[in-house]
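Taking it in order: structure first as structure tokens, then the write-up.
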Amino acid sequence: MNITEKILARASGRQRVSPDDVVFANVDKVMVHDVSGPGVIKVFDKLKKQGINVDKLWDPTKVWVAEDHFVPSADKVSAENIVKLSNFTKNYGIEKHFKYGMGQYGICHTLSHEEALVLPGEVYVGGDSHTNTTGALGSFACGLGHTDVAYVLLNGKIWFKVPQTLYFKLNGKLPDHVMAKDFILKIIGDITTEGGAYKAMQFGGSGINEMSVESRLTLCNMTTEAGAKNGIVEPDQKVVDYLSSRGATNISLIKGDDDAEYEKIYEYEGSEMEPLIAKPFSPENISIVREAPSVELNKSYIGSCTGAKYEDLVAAAKILKGRTVKIRTEILPASISIYKRAMEDGLLKIFLDAGVTVGPPTCGACCGAHMGVLAKDEICISTTNRNFPGRMGHVDSQTYLSSPLVAAASAVTGKITDPRDLK
Amino acid sequence: MQSFTKVKTLITPLDKVNVDTDQIVPKQFLKLVQKSGFGKFLFYNWRYDDNEQLKSDFVLNDLKYKNSKILVAGDNFGCGSSREHAVWALQDYGFSVVISTSFADIFYSNCFKNGILPIILDSKTVEKLQQETTEVEVDLKNQIIKTSSQTIPFDIDSHKKKILLEGLDDIAHTLLYEKQISEFEKQSKIPSVL
């Protein structure tokens, strides 16, 4: 069995599972945020009317709550949702509620690794489609709708159809000017946004072994854009070190068997990778940066669970050090812990000196919520994950997706720019 | 949940591919969690202009389709975020069937929790249906779609069919077996993970 199959087998108490088997799995961790939380509360209200007991959760210690989409509260309605969420966690005894303005908080998928909330081998579900991100720690992680999350909160289990696995092998390290974001864009361009539909996307090979945990998180994050059920990397010592430095204990490593089977294996040579962008209006609409259309950008946005982890900010700082931005540029670290490190290590000063606006952790404009959404006809280069029509604001705005290196280089020139071509 | 057996209406042809959940319900409405009423936000940016007036060139605003319950759209319908509001909006607006060549996984699953029947057909059939100008009948029990000129069979998982026909969502259906479940749980020794 491969790693996804092994995790699902163990979670469902079976010796063995195969793709397309339906299993009823025990869930280890559950997450909701300020959009899915109120959605779940609504489902609970409906169940209560049907006479179903929703007084207790299956295990409040396994649940955590993030405030990320519309925080710091964007308006009256989102402020009310935050109150609703706080009442919910209080009533159900959920202690892991990361509140803005009260220490560590941030984007849910960032907290999952920054706070070591999920461990290798666990089954983790969340009320958000990018829950796939956390598979980079070697867990089975996937997003669910509100009703399914409500069910898990009450029962601690849910059924899954065991997915087929696509294996993406990266031979050799990526060059310095290429990031994990470029690699996942390349893959989505190759297999299309439907290519991973209800499949596991697993990443391996020497290039992945060389990669930092944060880079692997970027890869798994955007398996969602390929339609995948989950993204996953077999955990190694790097994951153990990463999680134990954040307070996790009892980390055991789980790997696929030697005779693990994959539906299809794709091979890539690290040295051949180039900086890429996804043009409007689909993450599969890929172009090499050096062949990108010459458009006048209005904005560069470095944020989100995809592109505002610590190493993403380091990459942006490498470019912005001693330079000035030519277009509006925003950098929003994905969590307070990252924000703090960026301050301690001098990154914030580099950003502010370059003219960048540094914002608080939030999903912000990635999902068009607030904090710098786009006007009609505005064009943005962004380290985020989706560039559907209107995703970041007005339905007639445009978003190009890129790595933090490319987004920072483009901020300096005002045009889509390969970091190698900066003077 | 209401049980689903048959619907017979005109088809609303939505000639777009990769319709993501943000096109179905834009993010600004996600903050709202009132029980119903999401229908008015359905395809908001396509239905309304900047002054919140109905756009005459969008298919949903054609009065002909006012009572249509069947939406037929292009590939990869419902991709993007996991927001269940997308399904709530389709249902509240009045749709009970969505037909496409493929659906995003979470959206597909959310449909069955809210009494909407998603049907997957090949692209030729979808194109043909989009041109259908007379009423079409979707018969879940017999798994067929009847147009004026042909009968099209469709596949659906037997469990999912059952819950729609009986008007049970997954949770209500599970509760029918409450006794057996607690019996099983008493005997089963499923180890917890790690």
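The numbers here are math on the coordinates, done by the rules we state, and not lab data. Just so you know, these numbers come straight off a predicted model, no measurement behind them. Heads up, the Cβs are rebuilt from the backbone with ideal geometry, glycines too, and the neighbour counts pull from every protein chain shown.
If you run the Gaussian network model on chain A, springs between alpha carbon atoms under 10 Å, then out of A:G156, A:G346, A:G390 the most flexible one is A:G346.
Mean sequence separation of contacting Cα pairs (under 8 Å, at least six apart), scaled by the length of chain A, corresponds to a relative contact order of 17 percent. In whole Å, how far is the Cα centre of the range B:49-82 from that of the range A:115-133? So the two Cα centres are separated by 34 Å. Among the aspartates and glutamates, which have Cα under 12 Å from the Cα of A:K326 when same-chain residues fewer than 8 positions away are ignored? List returned: A:E296. Of the residues A:G145, A:L85, B:T101, the one whose Cα sits farthest toward the positive end of the charge dipole of the protein assembly as shown, with +1 on the Cβ of Lys and Arg and -1 on the Cβ of Asp and Glu, is A:L85.
A straight line joining the Cα centroids of the range A:135-187 and the range A:13-47 runs 15 Å. Overall, the range A:3-268 carries a charge dipole of about 840 debye about its Cα centre when +1 sits on the Cβ of Lys and Arg and -1 on the Cβ of Asp and Glu, all other atoms neutral. Taking every DSSP helix (H) stretch of at least 4 residues in the protein assembly as shown, weighting each as -39,500 (n - 2.57) and dividing the sum by the residue count yields a mean residue ellipticity at 222 nm of -8500 deg cm²/dmol. Taking chymotrypsin sites (Phe, Trp or Tyr not before Pro) across the range B:116-194, the ones in a DSSP loop with at most 14 further Cβ atoms lying within 10 angstrom of their Cβ are B:Y177. One equal scatterer on each Cα of the range B:73-194, no solvent, Debye formula: the resulting log10 I(q)/I(0) at q = 0.13, 0.20, 0.21 Å⁻¹ is -0.63, -1.17, -1.25. For the protein assembly as shown, the dipole from Cβ point charges (+1 on Lys and Arg, -1 on Asp and Glu) about the Cα centre works out to 1280 debye, to the nearest 20.
Build a GNM of chain A with springs between Cα atoms under 10 Å apart, and of A:A354, A:A226, A:A408 the one that fluctuates most is A:A354. Each of A:D377 and A:D45 was given a label point 7 Å from its Cα along the Cα-to-Cβ line. The distance between the two points is 4.2 nm. Taking the square roots of five times each eigenvalue of the Cα gyration tensor of the range B:6-169, the equivalent ellipsoid has semi-axes of 24, 19, 14 Å, listed largest first.
Restriction of the GluC sites (Glu not before Pro) in the range A:241-350 to DSSP coil positions whose beta-carbon has at most 11 other beta-carbons within 10 angstrom yields A:E296.
Would you kindly state how much longer the chain becomes between A:Q15 and A:I288 on full extension, computed as 0.36 nm times their sequence separation minus their alpha carbon distance, in nm to one decimal? Extending this stretch completely gives an extra 93.7 nm. The GNM of chain A, with springs linking C-alpha atoms under 10 angstrom apart, assigns the highest mean-square fluctuation among A:K76, A:K279, A:K157 to A:K76. Size descriptors for chain A (Cα atoms only): Rg and Dmax, in that order, 20.6, 68 Å.
Dipole of chain A computed with +1 at Lys/Arg Cβ and -1 at Asp/Glu Cβ about the Cα centre; of A:F160, A:T329, A:A180, farthest Cα towards the positive end is A:T329. Take the cross-link list B:K6/B:K162; A:K99/A:K229; A:K229/B:K69 and give me the ones stretching past 18 Å between alpha-carbons. Among B:K6/B:K162; A:K99/A:K229; A:K229/B:K69, the Cα-Cα distance tops 18 Å for A:K99/A:K229; A:K229/B:K69.
Scalar couplings 3J(HN,Hα) for the range A:42-56, obtained by applying the Karplus form with A = 6.51, B = -1.76, C = 1.60 to θ = phi - 60°, are 5, 5, 4, 4, 5, 4, 4, 5, 7, x, 8, 6, 10, 6, 10 Hz; x denotes Gly and Pro. Over all projection directions, the Cα-based convex hull of the range A:31-170 averages an area of 9.6 nm². For B:D62 and A:V83, the FRET efficiency from 1/(1 + (r/R0)^6), where r spans their Cβ atoms and R0 equals 35 Å, is about 0.25. Structural descriptor for the range B:6-169: relative contact order 27 percent, calculated from alpha carbon pairs under 8 angstrom and at least 6 residues apart. Between A:Q237 and A:E210, the contour length at 0.36 nm per residue exceeds the alpha carbon distance by 8.6 nm.
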